[in-house]
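Below is one structure, written out as structure tokens, with a few remarks after it.
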Amino acid sequence: MVWDLLIRHGQVVTPDGVRRLDVAIENEHIVELSDELSGAARETIDAAGLHVFPGLIDAHVHFNEPGRTDWEGFDTGSAALAAGGGTCFFDMPLNAHPPTLDGESFDLKLAAALKNSRTDFALWGGLTPDNLGHMEELADRGVVGFKAFMSSSGIDDFGRVDDLTLLRGMEMAAKLGLPIAVHAESEELTSRLTAEARGEGRTGIRDYLDSRPIIAEVDAIRRAIAFAQETGCSLHVVHISSARGSIEVVEAKHLYVSNQDRPLHVTGETCPHYLTLTADDVVKLGAPAKCAPPLRPDDQVEALWRQLLAGGIDLVASDHSPAPASMKAGDDFFRVWGGVAGVQSTLASLLSGRHTIPLEQVAKLTASNVAARFGIASKGRVAVGNDADLTILDAAASFQLTRDMLLDRHKLSPYVGRRFRGVVRRTIVRGHTVFLDGKTVGNFRGRLVKPARTARSEGRAAHA
Ligand SMILES: [Zn+2]
């Protein structure tokens, strides 16, 4: 037996803890995990002193291809993901053009991703008032779920769901065995507060932050939970910005589906920027730190950390949402493009946060919980039989992020200049090295990952 790849002497981060193990890889899979493997391999990596992590699965990115490749694109987006230790991403249905709202647009995006992505990927479908009749064809093609905006999406070709559309979309998603993911902010509150502020000429950074208060998030999350209870739909709340929002999700895990003897399946995601940056940082950094929901005051960031440390957050995703510099400029902060371009810095942010998280928990938040939640059985854990998606990390080393280290297209990260712990040395997708010591390597191209769809009666079998 000659393995394709043998990684020796590394500290392997498994769900059960960190252990000194050798990892043997054959045919793109992990085939052996043991204290000491002595077989021959075509390539051997000495990982002494380094950690072997499951590759990050980023459940929330906007790579904007096809149609707006000048904003990012799969090539540069996946390169930056890999530089941050990522081996798989889930691309959101909007900001590419056409948005992923039917089978035809799915096929266009899939072709572009197969051609240009350096890592594996899954695709989200969208839910808007116009595409209820296309959800089934999207499910058949393998979308990981359906994303809906409860407040204006900021882009004309992706409509906000009104309450009835959300309710009907959830009914359909429940039938299809797929989750609905919601951008949860109240349109009523945010649009009125926005109109008021702009009408009075208050268009600065603080005015923008004040127009999207935490109650707007809490209100929308509660409504989404009520609809999920009503329909039995599996619900995922993306980019939760506040502890109060997260608590709504945690408490809903104890609810039951209306008139059925099964628990609600609901999960919550937050992003590195809600844990790393505060409202004061938006004032200092300006456009690169603008996002919706917005960054919160320091005491709220601390409260969100407490939720994370207590296990109240299911997963952390980047919500990488870049745009050209020309769209990140202007005096009216409401008009500046919102979106944080942080796809490269998720792991570094979690390893360098204001509180220490055990490495096993970092691996859960960025890999195993993501795979379990979305039914991706072959990924997310360093385990025999799984895809050989691995990140080799020097956890003891630190670095200062400079613009030239960033591999995304526009390099407008709010983290430039920050010091981080944990240097990604190598990223491996299904046994193929795609990133090594600061550079992308090889011509590997990723493939579409499809979820296992849960039958309606299975309840929360995939609960993370
Ligand atoms: Zn997003």
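List the residue pairs whose Cβ atoms are under 6 Å apart, where the first residue sits in segment 197-218 and is among the aromatic types (Phe, Trp, Tyr) and open to solvent by less than 40 Å² (accessible area, probe 1.4 Å), the second is assigned to a loop (DSSP other than H, G, I, E, B) and at pLDDT 95 or above, and the two are 6 or more positions apart or on different chains.
Filtered contacts from segment 197-218: Tyr208/Phe333; Tyr208/Phe334.
Looking only at residues in segment 170-193 that are away from the ligand (no atom under 16 Å from the Cβ) and either assigned to a strand (DSSP E or B) or without any contact (Cβ under 8 Å) to a residue 60 or more places away in the chain (or both), which one is nearest to Thr454 (Cα to Cα)? Step through it out loud before you land on a result.
Keep residues of segment 170-193 that are away from the ligand (no atom under 16 Å from the Cβ), which gives 170-178, 186-189, 191-193.
Applying the additional criterion that residues be either assigned to a strand (DSSP E or B) or without any contact (Cβ under 8 Å) to a residue 60 or more places away in the chain (or both) yields 172, 186-189, 191-193.
Numbers: Met172: 13, Ser186: 29, Glu187: 31, Glu188: 34, Leu189: 35, Ser191: 36, Arg192: 39, Leu193: 40 Å.
Filtering segment 170-193 for residues that are away from the ligand (no atom under 16 Å from the Cβ) and either assigned to a strand (DSSP E or B) or without any contact (Cβ under 8 Å) to a residue 60 or more places away in the chain (or both), the one nearest to Thr454 (Cα to Cα) comes out as Met172.
Given Ile30, Ile57, which one is more than 16 Å from the ligand (Cβ to nearest atom) and assigned to a strand (DSSP E or B)?
Values: Ile57 fails: more than 16 Å from the ligand (Cβ to nearest atom).
Within the list Ile30, Ile57, the selection yields Ile30.
For (1) among the aliphatic types (A, V, I, L, M); (2) within 16 Å of the ligand (Cβ to nearest atom); (3) open to solvent by 30 Å² or more (accessible area, probe 1.4 Å); (4) part of a loop (DSSP other than H, G, I, E, B), each residue gets a yes or a no:
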| residue | (1), (2), (3), (4) |
| --- | --- |
| Ser38 | no, no, yes, yes |
| Thr44 | no, no, yes, no |
| Gly49 | no, no, yes, yes |
| Val52 | yes, no, no, no |
| Trp71 | no, yes, no, yes |
| Asp75 | no, no, yes, no |
| Ser78 | no, no, no, no |
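Of all residues in segment 240-268, count the ones that are part of a loop (DSSP other than H, G, I, E, B) and in contact with a Phe, Trp or Tyr (Cβ under 7 Å, 6 or more places away or on another chain).
Count: 3.
Could you please find all residues in segment 171-212 being hydroxyl-bearing (Ser, Thr, Tyr) and either at pLDDT below 95 or closer than 24 Å to Asp280 by Cβ (or both)?
Those that are hydroxyl-bearing (Ser, Thr, Tyr) and either at pLDDT below 95 or closer than 24 Å to Asp280 by Cβ (or both): Thr190, Thr194, Thr203, Tyr208, Ser211.
I'm checking my understanding of the structure. Among residues of segment 349-376 that are in a helix (DSSP H, G or I) and of a type in the set (D, E, K, R), which one is surrounded by the fewest Cβ atoms within 10 Å (Cβ to Cβ)?
Keep residues of segment 349-376 that are in a helix (DSSP H, G or I), which gives 349-351, 359-373.
So of that shortlist, the ones also of a type in the set (D, E, K, R) come out as 360, 364, 373.
Details: Glu360: 15, Lys364: 24, Arg373: 26.
Out of the qualifying residues, it is Glu360.
Which residues, taken from segment 228-283, are more than 16 Å from the ligand (Cβ to nearest atom), charged (D, E, K, R) and buried (at least 20 other Cβ atoms within 10 Å of the Cβ)?
Passing the criteria: only Glu248.
Among His236, His265, which is the only one that is under 21 Å from Pro293 (Cα atoms) and in contact (Cβ under 8 Å) with a residue 60 or more places away in the chain?
His236
For segment 287-327, enumerate the residues that are assigned to a loop (DSSP other than H, G, I, E, B), more than 16 Å from the ligand (Cβ to nearest atom) and at pLDDT 95 or above.
Residues of segment 287-327 that are assigned to a loop (DSSP other than H, G, I, E, B), as a first pass: 290-297, 310-314, 317-319, 321-324.
After this cut, where a residue has to be more than 16 Å from the ligand (Cβ to nearest atom) as well, the list is 296-297, 310-314, 324.
Selection gives Arg296, Pro297, Ala310, Gly311, Gly312, Ile313, Asp314.
Could you please find all residues in segment 377-426 being within 23 Å of Leu365 (Cα to Cα), of a type in the set (A, V, I, L, M) and open to solvent by 40 Å² or more (accessible area, probe 1.4 Å)?
Passing the criteria: Ala377, Val384, Ala396.
Suppose we keep only residues that are in a helix (DSSP H, G or I) and either at pLDDT 95 or above or among the polar types (S, T, N, Q) (or both) within segment 328-348. Which one would you say is nearest to the ligand (Cβ to nearest atom)?
Looking at the filtered set, the residue picked out is Thr346.
Let me spell it out: the conditions are (1) in contact with a Phe, Trp or Tyr (Cβ under 8 Å, 6 or more places away or on another chain); (2) closer than 29 Å to Leu277 by Cβ; (3) open to solvent by less than 60 Å² (accessible area, probe 1.4 Å), and Gly446 meets all of them except one. Which number is the exception?
The one condition Gly446 does not meet is (2).
The values are calculated or read from the model by the stated rules, or taken from the named source; none is laboratory data. All values derive from a computational prediction rather than experimental measurement. Heads up, the Cβs are rebuilt from the backbone with ideal geometry, glycines too, and the neighbour counts pull from every protein chain shown. All accessible areas refer to the heavy atoms of the entire protein, side chains included, with ligands and DNA or RNA removed. Shrake-Rupley method; radii C 1.70, N 1.55, O 1.52, S 1.80 Å.
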